Amino acid sequence: MRRRTLLLAAASTALLGACEPGGDEASGPLRIATGSPGAVYYRYGSAIAELTRRYLPKVHATVLTTNASKENVAFVLDGRADVAFTQADIAADSESDHPRELAALARIYDDHIHVVVAASGPIAALADLSGHRVSIGAEGSGTAVTANRVLGVNGIAVQRIMLGLDESVTALQEGRIDAFFFSGGLPVTAIDDLAKRFPIHLLNLADSVQPLRRRYGDYYAERVVPASTYAGITATVAIGIANYLVVRASMAEALAYGVTRLLFEGRDELAKAHQAAARLNIRSAISTPPLPLHPGAIRYYRAQKA
C-alpha cells in the first residue's frame with residue numbers, strides 16, 4: 001500500500017471535505033481529552049487539533065488537559081469530550097460497564113509502564129518498593145489503575161500517593177517520594193528532562209507481565225525500554241499497553257471518518273509533535289479489542305483496500 005501524505009496546499013482542505021462519506025463534510029466541536037502537558041497524550045492531541053483546524057475547517061477543535069485514560073473515558077461518556085486517548089485496559093473496563101457506548105477510531109501506539117526511582121537510592125527491584133512512598137499516578141489516570149494492578153499481583157504494600165506526572169517528577173527529585181509509576185509512549189518528555197538533571201533508574205517489570213495477563217486479560221505485553229531512551233539508564237523490560245483513540249458510538253460518521261483520515265494522512269506532521277505518532281500502522285490500527293471500530297473509521301480502512 002502506498003503511503004499517503006497530506007498536501008500542504010489549500011486544495012487539500014477541499015479534498016478532505018469532498019471525501020467525507022455521503023458527501024457530508026465533517027463539522028461541529030471536537031474536544032480532545034488528553035493528559036498531562038509533560039506526557040504524550042497532550043502533545044499528540046494538540047497536534048491533532050492543529051491539523052483539524054487546518055484541514056477540517058468546519059470542525060472546532062480544542063484540547064482538554066486531564067488526568068488521562070480513566071478520566072478521558074468518563075469525559076467522552078458524559079459528553080464533556082468528543083474524542084479521547086485511553087489505554088486498552090481502561091477501554092476494556094469501560095466496555096464492561098458501558099457496553100457498546102464507546103467505539104474506537106484506531107489503535108495508535110503502545111505505552112510503556114515506567115517505575116522511576118533515584119539512581120542513588122536503595123530501590124533496585126520492584127520488591128524493594130515495599131513500605132516506601134510511591135506515586136501511583138493521578139486520580140482518574142490509567143497509570144493509577146495499572147500501578148495498583150502491578151502492586152497487587154506482586155503482593156507489594158506501599159505508601160500510595162496520587163500525583164500526576166509533573167508533580168511526581170518534582171516530588172522524586174525533592175525526596176518527597178521514593179518512586180513513581182507512569183504509563184506513556186517513549187520517550188516521555190517529563191522523564192527525559194528529569195534524567196538529564198537527576199540520575200534515575202527504571203525498575204524491571206518482566207515478572208509482572210504474565211500475572212497481569214492471567215488476572216486481567218491479554219492487554220499487557222513485555223516491552224523493552226532501550227538504553228538510548230533516557231540519559232544514564234540501561235535497557236529495561238517494561239509492561240506494554242496499547243493506546244486507543246476513542247469516541248462515542250453515536251459520533252457523526254463524517255466526523256469520525258475525517259479524524260481517522262487525519263491520523264494517517266497527517267502522520268508525518270503529527271510525528272513532529274511526538275515520535276509516537278510515527279508508529280501508527282494501518283494493520284495494527286484496526287485491532288481495538290474489546291471496542292468495535294466506529295463506522296466512520298471502518299469506511300476509511302475499507303477505502304485503503306480498494
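The values are calculated or read from the model by the stated rules, or taken from the named source; none is laboratory data. Small disclaimer: the values here were computed from a predicted structure and weren't measured. Here the Cβ is made from the backbone with ideal geometry for all residues, glycine too, and neighbour counts use every protein chain on show. All accessible areas refer to the heavy atoms of the entire protein, side chains included, with ligands and DNA or RNA removed. Shrake-Rupley method; radii C 1.70, N 1.55, O 1.52, S 1.80 Å.
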> Out of all the residues in the stretch 234-266, which are of a type in the set (A, V, I, L, M, F, W, C) and open to solvent by 30 Å² or more (accessible area, probe 1.4 Å)?
Replying inline: Ala235, Ala249, Ala252
> How do the pairs read when you match residues in the stretch 107-119 that are over 18 Å from Leu163 (Cβ atoms) and touching a residue at least 40 places away in the same chain (Cβ under 8 Å) with residues anywhere that are open to solvent by 10 Å² or more (accessible area, probe 1.4 Å) and outside any strand (DSSP E or B), using Cβ under 6 Å and keeping only pairs 6 or more apart or on different chains?
Replying inline: Arg107/Ser284; Arg107/Ser287; Tyr109/Arg279; His112/Leu186; Ala119/Pro199
>> Looking at the stretch 139-148 only, could you name the residues that are surrounded by 18 or more Cβ atoms within 10 Å (Cβ to Cβ) and in contact (Cβ under 8 Å) with a residue 60 or more places away in the chain?
In response: Gly140, Ser141, Gly142, Thr143, Ala144, Val145, Thr146
>> Can you say whether Glu167 is open to solvent by 40 Å² or more (accessible area, probe 1.4 Å) and touching a helix residue (DSSP H, G or I) at 6+ places or on another chain (Cβ under 6 Å), as far as the supplied structure shows?
In response: no
>> Condition first: touching a strand residue (DSSP E or B) at 6+ places or on another chain (Cβ under 6 Å), at pLDDT 95 or above and more than 29 Å from Ala277 (Cα to Cα). Can you find one or more residues in the stretch 140-155 that meet it?
In response: no
>> Of the residues Leu126, Leu151, only one is more than 15 Å from the chain's Cα centre (by Cα), free of Cβ contacts under 8 Å to residues at least 24 places away in the same chain and open to solvent by less than 20 Å² (accessible area, probe 1.4 Å); which?
In response: Leu151
> Mind checking whether some residue in the stretch 273-291 is charged (D, E, K, R), in contact with a Ser or Thr (Cβ under 9 Å, 6 or more places away or on another chain) and open to solvent by 30 Å² or more (accessible area, probe 1.4 Å)?
Replying inline: no
> If we only count strands (runs of 3 or more DSSP E) wholly inside the stretch 200-306, which ones have 2 or more residues that are among the small types (Gly, Ala, Ser)?
Replying inline: 236-248
> Hey, which of the strands (runs of 3 or more DSSP E) in the stretch 76-159, taking only ones fully inside, have at least 2 residues that are touching a Gly at 6+ places or on another chain (Cβ under 8 Å)?
Replying inline: 83-87, 102-118
> Can you name every residue in the stretch 154-163 that is loosely packed, with under 14 Cβ neighbours inside 10 Å and among the aliphatic types (A, V, I, L, M)?
Replying inline: Ala157
>> I need the full set of residues from the stretch 104-120 which are of a type in the set (Asp, Glu) and open to solvent by 10 Å² or more (accessible area, probe 1.4 Å), in order please.
In response: Asp110
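Results for (1) over 22 Å from Arg213 (Cβ atoms); (2) crowded, with 17+ Cβ neighbours inside 10 Å; (3) not β-branched (Val, Ile, Thr), shown as yes or no for each residue.
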{"position": "Thr65", "(1), (2), (3)": "yes, no, no"}
{"position": "Glu71", "(1), (2), (3)": "yes, yes, yes"}
{"position": "Asp78", "(1), (2), (3)": "yes, no, yes"}
{"position": "Asp82", "(1), (2), (3)": "yes, yes, yes"}
{"position": "Phe85", "(1), (2), (3)": "yes, yes, yes"}
{"position": "Ala88", "(1), (2), (3)": "no, yes, yes"}
{"position": "Ala91", "(1), (2), (3)": "no, yes, yes"}
{"position": "Ser94", "(1), (2), (3)": "no, yes, yes"}
{"position": "His98", "(1), (2), (3)": "yes, no, yes"}
> For residues in the stretch 182-233 being among the aromatic types (Phe, Trp, Tyr) and out of contact with any Pro (no Cβ under 8 Å at 6 or more places or on another chain), which is least open to solvent (accessible area, probe 1.4 Å)?
Replying inline: Tyr220
> Of all residues in the stretch 207-225, which are in contact (Cβ under 8 Å) with a residue 12 or more places away in the chain and within 21 Å of the chain's Cα centre (by Cα)?
Replying inline: Ser208, Val209, Leu212, Tyr216, Gly217, Tyr219, Tyr220, Ala221, Glu222, Arg223, Val224, Val225
>> Quick check on my filter: what residues within the stretch 28-50 are surrounded by 20 or more Cβ atoms within 10 Å (Cβ to Cβ) and over 16 Å from Leu245 (Cα atoms)?
In response: Ser36, Gly38
> Can you pull out the residues in the stretch 242-259 that are more than 16 Å from the chain's Cα centre (by Cα) and in contact (Cβ under 8 Å) with a residue 40 or more places away in the chain?
Replying inline: Arg248, Ala249, Met251, Ala252, Glu253, Ala254, Leu255, Ala256, Tyr257, Gly258, Val259
